[in-house]
Amino acid sequence: MSPDKELKIEKISKGTVIDHLPAGTSPMVLRILGIDKKWENAVSVAMNVPSHGGDKKDIVKVEDRILEKEETDKLSMIANNATINIIENYAVKEKHHVSPPEFLEGVLECKNPKCVTNGKEPVLTCFAVENTEPLTLRCKYCGRIMDKELIEEQL
Amino acid sequence: MGIKGRDIITTHSLSKEDIEYILSSSEKMQKLLEDGKSHELLRGKILATLFFEPSTRTRLSFESAMNRLGGSVIGFSEASNTSVKKGETLADTIRTVDQYCDVIAMRHPIEGSAELAAQFAKAPIINGGDGAHAHPTQTLLDLYTIKKEMGKIEGLKIALTGDLKYSRTAHSLSYSLAMLGAELVFASPEQLKMTEDFTSDLKRDFGVNIEEKTQLEDVISDVDVLYVTRIQGERFPEPAEYEKVKGLFKVDLELLKKAKEDMMIMHPLPRVDEIHPSVDKTKHARYFEQAFYGIPTRMALIAGVLGVEV
């Protein structure tokens with residue numbers, strides 16, 4: 001990518017850069033990170049920018065923010081293979097790929113109204129990742145399958 | 001090898017080796033039972049049967065199995081007289097009962113409740129049905145029935161008929177049969193067909209041959225096993241449509257004229273009118289034997305999870 005194009009988003013001194021997001025997913029990423037009009041730190045969003053492979057991608061840069069495990073788990077559901085760069089002093093301190101864990105615990109609700117996790121029992125929901133492309137989850141408790149559409153409804 | 005300390009929640013969580021182990025252990029249990037030698041195996045052990053909804057057959061056969069093994073049984077057969085009525089969570093009930101017994105057999109109307117119980121109990125949980133989710137001991141006793149009565153499972157042509165779309169029995173049994181190498185025929189009314197996703201998963205995962213038919217007439221002549229399930233009237237908006245469809249899936253003497261000599265009929269029971277009573281006396285009917293096979297199968301499961309080998 002040429003320096004001109006890189007300047008589309010300003011560098012951050014400290015925080016997180018989420019790169020290689022599938023094009024068009026950045027609004028959902030902001031929602032997952034709870035970034036709304038009350039958010040005070042700097043956030044830069046690039047949508048549909050060219051990626052190395054020739055496709056388009058989104059980038060989200062959030063100043064002064066390190067993602068929690070629950071947030072990266074959620075991200076993995078819409079952006080398998082995105083990269084998370086932790087920035088300190090304008091440099092990448094750590095970099096890792098987002099990939100769905102074997103089990104997603106406590107981040108989604110089971111859409112089966114008769115599932116035991118939707119009652120008063122003291123348990124977190126838990127889904128086994130059955131398939132990553134397209135993303136398919138299976139409730140560990142009631143066995144209900146959740147497809148991409150049902151998953152994204154909740155993000 | 002073996003199932004010591006395991007929870008039996010769904011048949012999907014059992015490997016082919018697990019199922020083969022359970023079937024072989026059931027056979028040994030039946031032998032001990034027939035020889036009157038099973039009574040010492042679980043002396044001093046306690047099974048809790050927690051039935052949050054009524055089920056005569058499953059509960060009694062669990063209790064009979066434990067008694068046949070020389071163990072004791074505590075439990076309840078409906079939730080109305082328990083602390084659940086006072087608003088206690090299932091997790092708390094399980095953690096309490098866990099202090100009183102060595103193994104728990106449970107039926108509960110909520111889907112996923114067996115897995116939840118397994119998380120809160122140290123004692124192994126055997127799922128006796130959790131809503132529409134799973135009923136693994138039914139499938140295991142069905143498999144054992146086929147193996148005992150036909151001598152094998154692999155290579156047999158097995159038809160499942162009735163309400164295939166909603167029946168947990170039909171889903172669970174066909175999954176295990178496909179895993180064990182049977183050929184499958186699904187015969188059901190168009191509205192109650194096995195879902196396409198499920199059928200294609202079976203084909204993909206096990207390379208199984210599956211035929212689909214919409215009336216019994218078309219399957220009866222070349223199957224080795226006919227597994228009948230009930231078609232429920234409430235699935236049909238029009239009573240007339242229900243009556244018509246029901247007629248196409250009724251097993252009677254006339255239909256059986258076209259069956260193979262050694263074809264056997266199974267049914268998880270209770271039946272309503274999908275098998276005519278006159279069929280009961282024919283050599284094809286095995287549904288009451290099937291109910292008996294629930295005993296050695298449950299004996300094998302209870303002893304197996306408690307780590308008692310035979």
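Rule-based calculations on the coordinates, nothing more; no lab input. Predicted, not measured: the structure shown is a model, and the values here were computed from it. Backbone-built Cβ (ideal geometry, glycine too); neighbour counts: all protein chains shown.
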Partner lysines whose C-alpha sits under 17 Å from that of residue B:250, ignoring same-chain residues fewer than 8 away, are B:193, B:213, B:258, B:281
Taking every residue of B:107-119, the Cβ atoms of other protein chains inside 10 Å of its Cβ average out to 6
In degrees rounded to 10, the 0-90 angle between helix B:287-305 Cα long axis and the longest Cα principal axis of chain B is 40 degrees
Under the helix-only model (-39500 (n - 2.57) for each DSSP H run of 4 or more, divided by the residues of the protein assembly as shown), the mean residue ellipticity at 222 nm, to 500 deg cm²/dmol, is -9500 deg cm²/dmol
In terms of the alpha carbon gyration tensor, root eigenvalues a ≥ b ≥ c, rounded if a/c is under 1.5 and otherwise prolate when a/b exceeds b/c or oblate, segment B:137-290 is oblate
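Normalised by the residues of chain B, what does the relative contact order come to in percent, with Cα pairs under 8 Å and at least six apart? List each step's numbers first, then the result.
On the way: 576 pairs, mean separation 66.2, N = 310.
This gives 21 percent for chain B.
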The long-range amide H neighbours of residue B:285, using H built 1.01 Å from N in the peptide plane and a cut-off of under 5 Å, are B:265
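Report the relative contact order of segment A:1-129, percent, no decimals, based on alpha-carbon pairs under 8 angstrom and at least 6 residues apart. Provide the component values of the computation, followed by the final result.
Values: 223 pairs, mean separation 34.0, N = 129.
That works out to 26 percent.
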In whole Hz, the Karplus estimates of ³J(HN,Hα) for segment A:96-102 (6.51, -1.76, 1.60; θ = phi - 60°; x where Gly or Pro) are 8, 7, 8, 9, x, x, 5
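Which of the peptides B:226-232, B:97-103, A:32-38 is most tightly packed, and how do the rest follow, judged by the mean count of other Cβ atoms within 10 Å per residue?
Details: B:226-232: 22.9, B:97-103: 17.4, A:32-38: 12.6.
Per-residue mean Cβ counts within 10 Å order the peptides as B:226-232, B:97-103, A:32-38.
Do any GluC sites (Glu not before Pro) in segment A:35-121 lie in a loop, going by DSSP, with at most 12 other beta-carbon atoms within 10 Å of their beta carbon, and if so which?
A:40, A:68, A:102
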In order over segment A:123-133: 3J(HN,Hα) from phi, Karplus 6.51/-1.76/1.60, θ = phi - 60°, whole Hz, x for each Gly or Pro, gives 9, 8, 5, 8, 10, 8, 7, 8, 8, 9, 10
Assertion target for A:52, B:171, A:20, B:39, ordered by fewest C-beta neighbours within 10 angstrom first, is A:52, B:39, A:20, B:171
Across B:87-94, the residue-averaged tally of Cβ atoms belonging to other chains within 10 Å stands at 3
Helix B:56-68 sits off the longest principal axis of the Cα atoms of chain B, rounded to the nearest 10 on a 0 to 90 degree scale, by 50 degrees
Loop-resident GluC sites (Glu not before Pro) in segment B:249-310 with no more than 12 other Cβ atoms inside 10 Å, DSSP not H/G/I/E/B, are B:261, B:309
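Treat every Asp and Glu Cβ in chain B as -1 and every Lys and Arg Cβ as +1, leave all other atoms uncharged, and give the resulting dipole magnitude about the Cα centre to the nearest 20 debye.
Numbers: 39 positive and 47 negative charges, 175 e Å.
My answer is approximately 840 debye.
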Under 5 Å from the placed amide H of residue B:211, counting only residues 5+ away or on other chains, we find B:184, B:185, B:186
For the residue A:51, residue A:92 Cβ pair and Förster radius 22 Å, calculated FRET efficiency rounded to 0.05 is 0.80
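Suppose every K and R has +1 on its Cβ and every D and E has -1 on its Cβ; what is the size of the dipole of the protein assembly as shown about the Cα centre, in Debye to the nearest 20? Can you show the working numbers first?
On the way: 61 positive and 73 negative charges, 175 e Å.
In total the dipole reaches around 840 debye.
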Rounded to one decimal in nm, the spacing of the 7 Å Cα→Cβ label points at residue B:309 and residue B:4 is 0.8 nm
Looking only at lysines whose Cα falls under 22 Å of residue B:16's and that sit 8 or more positions away or on another chain, we get A:140, B:4, B:28, B:147, B:148, B:152, B:157, B:203
Taking placed amide H atoms and a strict 5 Å upper bound, the residues 5 or more places from residue A:57 or on another chain that come that close are A:48, A:49, A:51
Averaged over residues of B:127-139, the number of beta carbons from other chains lying within 10 Å of each residue's Cβ is 2
So for R0 = 25 Å, FRET eff. of residue A:120-residue B:74 from the Cβ-Cβ r, to 0.05, ends up at 0.45
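Under 8 Å for C-alpha pairs, at least 6 residues apart: give me the relative contact order for segment B:137-290, rounded to a whole percent.
Dividing the mean separation by the residue count of segment B:137-290 yields 23 percent.
Give me B:251, B:310 ranked fewest to most by other Cβ atoms within 10 Å of their Cβ, as a rough exposure proxy.
Numbers: B:251 24, B:310 18.
Going from sparsest to densest Cβ surroundings: B:310, B:251.
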Expected max-MSF residue from A:128, A:46, A:91 in the GNM of chain A (alpha carbon, under 10 Å) is A:91
With DSSP loop assignment and no more than 12 other C-beta atoms within 10 Å, the chymotrypsin sites (Phe, Trp or Tyr not before Pro) in segment A:61-155 are A:90
Per-residue Cβ contact counts at 10 Å, fewest first, order A:49, A:129, B:219 as A:49, A:129, B:219
With x for Gly and Pro, the residue-by-residue ³J(HN,Hα) of segment A:10-20, computed from phi through the Karplus equation 6.51 cos²θ - 1.76 cosθ + 1.60 at θ = phi - 60° and given in whole Hz, is 6, 5, 10, 7, 8, x, 10, 10, 9, 10, 6
